[in-house]
Amino acid sequence: MNTRDWPIRSKLTALVVAPVSALLALWIFATTLAFGPALDLLSAGTLLYDFGRPGETVVAELQRERRLTVVQLAGTGELPELTEQRRRTDSAIAELRRSVSGERLRDAAGDLLDARLDRLLGALDTLPAGRGFIDRRQVDRTGAIGLYSGMVGAAFQAFAAMAALPDNDLNRQALALTALGRSRELLGQADALLAGVLVTGRFAEGEHTQLVQTIGNQRFLADTAAADLPAADRTAYQRLAESEAFVRLRALQDELVRADPVRAPKVDARAWQASQEAVQRGLRDFELAQADAIADRTVPVAVGILARLGVAGVLGLAAIVASLLVSLRVGRSLARRLTAVRDAALDMAGHRLPDVVTRLRRGEDIDIAGEAPPLEYGQDEIGQVGRAFTEVGRTAVRSAVDEVTLRRGLNEVFLNIARRSQGLVHRQLALLDRMERRVEDPDELAELFRVDHLATRLRRHAEDLVILAGAAPGRGWRNPVAMVDLVRGAISEVESYDRVDIADVQPAATVGRAVGDVIHLLAELIENATAFSPPNTRVAVRGQSLPNGYAMEIIDQGLGMAAPGAGGGQPQAGDAAGVRPGPTVPDSGCSWSPGSPPGTGSGCSYGRPPTVGSPPWC
């Protein structure tokens, strides 16, 4: 995209819009970047109450159903307690599905949590089929534990996706609680595994190893999770872990780890069951309390983020508005100043300088400083450009003054030379007139007439110089002169006067002050007609009065010119005389003066047709 031809306002606007747009984009990006975490914190409560609590209930019911299922598979009959537990599990799953399907939870959940929620619901959909296999005893105790543990694991994966808070401390605490929940799940797996062993009275193949691994993983996960809790919560967990039920359960676990895999475990089933339930209940209560505390802490943290965001947003918006206002003001000032410089330069080029030249040609005196006033636009680059234009204008005015002065000097030189030539020619004509009056020899008189004719043509050339110099030719008449005498005087100043005929000139007179100019003009036109027509043809001069003036026609047989605006065309013969392009036509000269008696002019032979070598027809 070519920006060289853009107006200055468009360029300044582009300079303003680009940085302001970038600043606005950065402000929007920063605001959005900070606003998102605040919304995540505010939505933490929604995730806890709409998914965390129902999901934790489903996990607890699945753990109970898992234990009863293993007990039923270890025995030979049906457990009525399992049927009742299945109804509670189904009720908890139905409540979870209702909460998960709500728009409020889906809006608060991220993409990862959405995917894991769908995975959890898909795992729960396999529960009816799994129960059928269990009721038909098509799976063993290990398979049943795997079925339920898989669904519980999907739930904890969803809990981990929910624990993705923007605040580092809150997020670390949430992950620690999720790890504690996983350790509690491992306790439930160990309990279910041991429940089947206690019913059958012995370990099946691999069950002792699995039990030991589960107990080891539970202890490691619990210790790791406790280390990530805040100091106060870690202290509360330590007090819980040092309680009687925890200590008794740990001792029982140690006995199970040391037990002989091929013999029946020597563990009091009631003591194990009481300790297991007490620890599960204590851990669950601790986790729920900590989850509520996290939810309560997210609101103040979110409010703080929003407050800081509001302050930063207002300050950023104020900075953008200020930048925009300053940019617009500076850009408008620059555009206005540059426009003023441009207008001043155009005024100088289009009005001031031509007016100065016109006044100089009229002979007026010019003040250069007044005609090119200084352009004051400050001290910066624009002011420097204005001062440069001022110097350019003054130089142009000074150049115009010098040129007109030079022309005046040249005109005065031309006029001086022309006047001197005029004076010499007049003296020469007067001398020739006296010589013509004294000479009686016709041959000598004819030679004097030729010299007289050349002198007359020299006088016309001198008048041409006077006219070019801007002065009056010098010849003048006080009284009006007849048009026929004007025509005769013009013919007398033409070199080929013997080819010119006065065809018909209607009577009229010209005022004395215009006689010299009219004679000069007619002589030039007649000279042009004779010079650009065949030498054996005649040139006719006619004059007639019209309602609005007097028209002169000079007719020759030369090549004509196309009419003005005709765009060319072929020349035609017989055109009315006009000035044709070509070299300056040589002049003729006759000393006859209009208004004087016929035949009395110098070199005039009035009353007889001209012949070769005779003076012009006057």
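The values are calculated or read from the model by the stated rules, or taken from the named source; none is laboratory data. Predicted, not measured: the structure shown is a model, and the values here were computed from it. When we count neighbours, we look across all protein chains shown, and the Cβ atoms used for this are built from the backbone with ideal geometry, even at glycine.
At a glance:
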read-out: Boolean, Leu468 is at pLDDT below 75 and either under 60 Å from the mean Cα position of the chain (by Cα) or surrounded by 13 or more Cβ atoms within 10 Å (Cβ to Cβ) (or both); value: yes
read-out: Options Leu187, Leu175; residue that is touching a helix residue (DSSP H, G or I) at 6+ places or on another chain (Cβ under 6 Å) and either at pLDDT 90 or above or among the aliphatic types (A, V, I, L, M) (or both); value: Leu187
read-out: Selection status of Phe203, farther than 21 Å from Gln63 by Cβ, among the aromatic types (Phe, Trp, Tyr), touching a residue at least 24 places away in the same chain (Cβ under 8 Å) and surrounded by 18 or more Cβ atoms within 10 Å (Cβ to Cβ); value: yes
read-out: Neighbours by Cβ (under 9 Å, 6+ apart or cross-chain): first from region 484-497, within 13 Å of Ala531 (Cβ to Cβ) and touching a residue at least 24 places away in the same chain (Cβ under 8 Å); second of a type in the set (D, E, K, R) and part of a strand (DSSP E or B); value: Val494/Asp587; Glu495/Asp587
read-out: Flag for Leu410 being farther than 26 Å from Asp556 by Cα and of a type in the set (A, V, I, L, M); value: yes
read-out: Matching entry among Thr32, Thr57 (being surrounded by fewer than 18 Cβ atoms within 10 Å (Cβ to Cβ), modelled with pLDDT under 70 and of a type in the set (Ser, Thr, Tyr)); value: Thr32
read-out: Selection from region 494-517 of residues that are crowded, with 18+ Cβ neighbours inside 10 Å and either part of a strand (DSSP E or B) or in contact with a strand residue (DSSP E or B) (Cβ under 6 Å, 6 or more places away or on another chain) (or both); value: Val494, Arg499, Val500, Val505, Thr510, Val515
read-out: Residue check, Val451 surrounded by fewer than 21 Cβ atoms within 10 Å (Cβ to Cβ), free of Cβ contacts under 8 Å to residues at least 60 places away in the same chain, under 29 Å from Ser533 (Cβ atoms) and touching a helix residue (DSSP H, G or I) at 6+ places or on another chain (Cβ under 7 Å); value: yes
read-out: Qualifying positions in region 518-548 - of a type outside the set (Phe, Trp, Tyr) and in a loop (DSSP other than H, G, I, E, B); value: Ser533, Pro534, Pro535, Asn536, Thr537, Arg538, Pro547, Asn548
read-out: Close pairs (7 angstrom Cβ cut-off, 6 or more residues apart or separate chains): closer than 20 Å to Thr142 by Cβ in region 74-88, outside any loop (DSSP other than H, G, I, E, B) and among the β-branched types (Val, Ile, Thr) anywhere; value: Ala74/Val199; Ala74/Thr200; Gly75/Val199; Leu79/Val71; Leu82/Thr69
read-out: Tabulated pairs, region 332-344, first over 17 Å from Trp6 (Cβ atoms), second not in a helix (DSSP H, G or I), C-beta under 6 angstrom, 6+ apart or interchain; value: Arg337/Tyr377; Ala344/Leu375
read-out: Any hit, region 376-387, residues being at pLDDT below 75, small (Gly, Ala, Ser), within 30 Å of Ala14 (Cα to Cα) and outside any helix (DSSP H, G or I); value: yes
read-out: Subset tally (residues that are of a type in the set (A, V, I, L, M, F, W, C), part of a helix (DSSP H, G or I) and closer than 19 Å to Arg53 by Cβ) for region 72-116; value: 8
read-out: Some residue of region 330-351 being modelled with pLDDT of 75 or more, hydrophobic (A, V, I, L, M, F, W, C) and out of contact with any helix residue (DSSP H, G or I) (no Cβ under 9 Å at 6 or more places or on another chain); value: yes
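Conditions (1) in a loop (DSSP other than H, G, I, E, B); (2) within 53 Å of the chain's Cα centre (by Cα); (3) hydroxyl-bearing (Ser, Thr, Tyr), marked per residue:
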| site | (1), (2), (3) |
| --- | --- |
| Gly130 | no, no, no |
| Val139 | yes, no, no |
| Gly153 | no, no, no |
| Ser183 | no, no, yes |
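Residues checked against (1) surrounded by 15 or more Cβ atoms within 10 Å (Cβ to Cβ); (2) β-branched (Val, Ile, Thr):
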site	(1), (2)
Leu170	yes, no
Thr178	yes, yes
Ala192	yes, no
Val199	yes, yes
Glu207	yes, no
Gly216	no, no
Arg239	no, no
